[in-house]
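Input: a single structure, listed below in structure tokens.
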Amino acid sequence: MRTPLNSPFSPGSDSVPEVWAGRTEQLSDWRDVVRPRRVAGLPERGRTILGEAGLGKSALVRRIARDAAAAGDWVTPQLRIPSGADPLKIVAAAILTLADQAGLASSREAKIKKSLSRVQAVAASGISLSLRPIDSKHEGPEPYTVLTELLIEVGRAALAKGNVMVLIHVDEIQNITDENALSQLLIALGDALVYEQPITAPGGVRVSRSLPIAVYLTGLPDFADMTDARKGATFTRRFKTTVLSAIDDDDLASALQPFIITGWPVADELGGITRITLEPGAAEAIIKLCCGEPFLFQLAGEQAWYAATGNIITRPQVLAGWKRARPEAITHVERILARLPKRELDFVHAMAELPARERTLTRVATEMGYEKTTDAGPTSQRLDSVRGIIERGKPYTFRHRAVEAYLTSDWPDVG
């Protein structure tokens, strides 16, 4: 029997959904590249995952963090940065927790004790420490330097333990609007990533290796502008950026296949297990309605689950549930469009008004009233490489399929 308490769908919660779809490239990047290289002492950049709301950025990294914790790695919680908050205080508190997990709190080394006390001060005062001395006699170090020092100590502890990673996840990174705070945070994390620890290799040879530390930053595409303008090449050298786009229909179908083949197990009223199955037509409807958006996929699945209580989810139930989800689906897309600057919004509207085969830069520029095609070039580039809403090609296409459906069809209305 289906109830809200046993639904495996969870839209917009930033938690790892039980029904997982796609993102195999990013998951394999952690499993096959980031973790093994950092554990082996090889240099590897941090990861920045950007994208519009609803693309599952936070859920993706929480999935990576969950898998890392299950493997015994030391993982911070999702460090969401509220607008106007001091990121150094938030990250410092998380590093102190990792230091405790690493056993550094019981260390008798004076250097580690001093580093811990300094980071505790950062956790209390944050960036404001940059504006005053730590003691009355001598000006203390910048907060980012003490954060870096303790991160390195935590990394050394992980190295000594063997096959353990330190994973840090900073979310809503675009909310850090204070240039000094952003600079100090990125430098602290970046310096820890590039730090090389001298070790003695077999045969007594002294070599240097990277520490087993990985950093994931997640946020809206606006963050790309902040780093380009303020951090430039240094940030690019230390972090690799991925802009997420819609999930392929084949990946969505794979996520729903267990419902069709074996059914989804839930507890029954007798203390046993029953299975909720999905008609193939119902799965097709969910896939079509969500337009590859992880949030809309979870929303459509949730409302289909709530539409009845029986053990079979039918296509009419999916459509009935979607009608209730319609206002939320509209709001979701309208928020994305509302965030676009006028030139970008005008470009998207002009592109949507053209037949699919005629969506070229020349035609869009003409529709926008530009005399020269090149006047629309920078806008198209940003919508592609920064925002992930369109894809420049011959012809141009929409990468953000929900935006396309909203602007070019009756979606999210259903018959």
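The values are calculated or read from the model by the stated rules, or taken from the named source; none is laboratory data. It should be emphasised that the depicted structure is a prediction, and the values quoted were computed from it without experimental measurement. Methodologically, a virtual Cβ is constructed for each residue, glycine included, from the backbone with ideal geometry; neighbour enumeration extends over all protein chains shown. For accessibility, only protein heavy atoms count, side chains too; no ligands or nucleic acids. Shrake-Rupley method; radii C 1.70, N 1.55, O 1.52, S 1.80 Å.
Enter the Cα centre distance for the pair region 169-231 and region 350-376, rounded to the nearest angstrom.
Measuring centre to centre over Cα atoms gives 40 Å.
Return the sequence-ordered ³J(HN,Hα) values of region 44-60 in whole Hz as given by the Karplus equation 6.51 cos²θ - 1.76 cosθ + 1.60 applied to θ = phi - 60°, using x for Gly and Pro.
Running phi through 6.51 cos²θ - 1.76 cosθ + 1.60 with θ = phi - 60° gives 7, 5, x, 10, 10, 10, 10, x, 5, 4, x, 8, x, 4, 5, 4, 4 Hz.
Rank by packing, highest mean first: peptides 53-60, 297-304, 404-411, 94-101, with packing defined as the count of other Cβ atoms within 10 Å averaged across residues.
297-304, 53-60, 94-101, 404-411
If each DSSP helix of 4+ residues adds -39,500 (n - 2.57) and the sum is divided by the residues in the chain, what number results at 222 nm, nearest 500 deg cm²/dmol?
-15000 deg cm²/dmol
Measuring from centroid to centroid over Cα atoms, what is the spacing of region 1-24 and region 101-126 in Å?
39
At 7 Å along the Cα-to-beta-carbon direction for both T242 and H349, put a label point, then send me their distance in nm to one decimal.
3.5
Expressed as a whole percentage, what fraction of the accessible surface of the chain belongs to carbon and sulfur atoms when a 1.4 Å probe is rolled over the protein heavy atoms?
Ligands and nucleic acids excluded, carbon and sulfur reach 51 percent.
Please check which bits of region 1-16 a label hung off T309 would reach, taking the label as a point 7 Å along Cα-to-C-beta and the cut-off as backbone N under 15 Å.
Correct set: 1-7.
Which entry is the computed Rg/Rh (Cα atoms, Kirkwood Rh) for this structure: (1) 0.99; (2) 0.96; (3) 1.03?
Here Rg/Rh (Cα atoms, Kirkwood Rh) agrees with entry (3).
What relative contact order, as a whole-number percentage, does region 340-408 give when Cα pairs under 8 Å and 6 or more residues apart are counted?
30
Mind checking which lysines have their Cα closer than 26 Å to the Cα of K288? Skip sequence neighbours fewer than 8 apart in that chain.
Qualifying lysines at Cα under 26 Å: K57, K323, K394.
Determine the percent antiparallel among the DSSP beta bridges restricted to the chain, to the nearest 5.
40
How many Å² of accessible area per residue for the chain, probe 1.4 Å?
For the chain, the solvent-accessible area averages 46 Å² per residue.
Taking Cα atoms, how many degrees apart are the long axis of helix 143-161 and the longest axis of the chain, rounded to 10 and kept between 0 and 90?
Orientation of helix 143-161: about 90 degrees from the principal axis.
Taking Cα pairs under 8 Å and at least six residues apart, what relative contact order does region 1-85 come out at, in percent?
Here the relative contact order equals 28 percent.
Calculate how steeply helix 294-306 sits against the longest principal axis of the alpha-carbon atoms of the chain, using the helix alpha-carbon long axis, and give the answer as 0 to 90 degrees to the nearest 10.
Tilt of helix 294-306: around 60 degrees.
Looking at region 322-367, which trypsin sites (Lys or Arg not before Pro) are DSSP coil and have at most 16 other C-beta atoms within 10 Å of their C-beta?
When the trypsin sites (Lys or Arg not before Pro) of region 322-367 are filtered for loop state and at most 16 Cβ neighbours within 10 Å, R339 remain.
On a full-extension model of 0.36 nm per residue, what is the gain between V33 and K394, subtracting their alpha-carbon distance, rounded to one decimal in nm?
Taking V33 through K394 to full extension adds about 126.6 nm, to one decimal.
Contour minus end-to-end for T234 and S385, with contour as 0.36 nm per residue of separation and end-to-end as the Cα-Cα distance?
52.4 nm
If I stretch the segment between E328 and R275 completely, what's the gain in nm (0.36 nm per residue apart, minus their alpha carbon distance), one decimal?
Gain on stretching E328 to R275: 16.2 nm.
Return a whole-number percent for the relative contact order of the chain, with Cα pairs under 8 Å and 6 or more residues apart as the contact set.
About 20 percent, as a whole number.
Relative to the longest principal axis of the chain, what angle (0 to 90°, nearest 10) does the C-alpha long axis of helix 179-194 take?
70
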